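Take a look at the structure set out below.
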Amino acid sequence: MVASLKILHYKRLESTNTTAYRLALQSASEWTVVVADFQTKGRGRGRNKWESPKGGLWFSILLRPEVPTPKLPLLQFLAAVATRQALENETGLSVKLKWPNDLVLGHEKLGGILIESKTLGNTVSFAILGIGLNINQLKAQLPPGAISLRLVSGKQQDLRLLLRAILEQIISSYDDFNSSKIMEEWWRNCVHRPSRVQVTLPNHTVTGISRGVDKDGSLVIETDDRRIRKVNEGSLRILDD
Ligand code: ADP
């Protein structure tokens, strides 16, 4: 598939996802990409805030995937796998994945992915694939537990080149949207493969060994009483290595 990218570059936005969502409602074409030098109201999952100062890569891609709604969560994993690969190709650093939506270097958070979508029953009208990556920020510009490429490589990265490389990798992976290959590849690069983890859900926690990811993106955990539990939401903490 040949995607025609339309990259819209802004100096400052509240949130690239919000702008991309608005453009999608106004019938913007697939593969419109909204990039901002910095975001003033970057968002994470739920009510989480996403710190997005200058020096990082903050962008959102408008997609109109022709998949049934239940398949949509796979997009997050596809994007994570493609972004990870592009970053590793460009920098040689070993970027890993943490369930459900993080990219990590060591055990610190390098970036995250946030999908927002509009669906009509079983049909996806559009999806906004938001990607936030810490690239050239120094320690003082990062929240606790975060890391940037520059802090590890010691080198200032070219944001435009990195963005291009990531977009190209996402475009070439996009044909595999339906494939179980995505989840295999995701798990192969998972930082808690397998490790003792704790997942906090709205009303309880699940603790055990993370054993894999299901084809729908759920995390498979073997609990202490040897039962297999699947979780499809929550925040994960790695308890040991
Ligand atoms: P989770 O903490 O479960 O991964 P999210 O994926 O929603 O949640 O990410 C939001 C969280 O990430 C914030 O609550 C904050 O702790 C952290 N965070 C915010 N901005 C950044 C950033 N630029 N880099 C790394 N972590 C960040």
Looking at region 97-202, which trypsin sites (Lys or Arg not before Pro) are in a loop (DSSP not H, G, I, E or B) and have at most 14 other Cβ atoms within 10 Å? K155
Cα pair distances in region 1-148, grouped into 5 Å bins until the bin that holds the longest one, percent each: 2, 10, 19, 23, 22, 15, 7, 3, 0
If you take the square roots of the eigenvalues of the alpha-carbon gyration tensor of region 190-241 and sort them as a ≥ b ≥ c, do you get rounded (a/c under 1.5), prolate (a/b over b/c) or oblate? rounded
Please report the antiparallel percentage of the DSSP beta bridges confined to the chain, to the nearest 5. 85 percent
Counting only residues 5 or more places away or on other chains, whose amide H sits under 5 Å from the amide H of V213 once H atoms are built in the peptide plane? V220
Could you list log10 I(q)/I(0) for region 89-241 at q = 0.17 Å⁻¹, which the Debye formula gives when each Cα is one point scatterer? -1.15
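Every number here is computed from the coordinates shown, using simple stated rules; none is lab data. Everything quoted here is computed from the prediction, not taken from an experiment. FYI the Cβ positions are ideal-geometry reconstructions off the backbone, even for glycines, and counts take in every protein chain you see.
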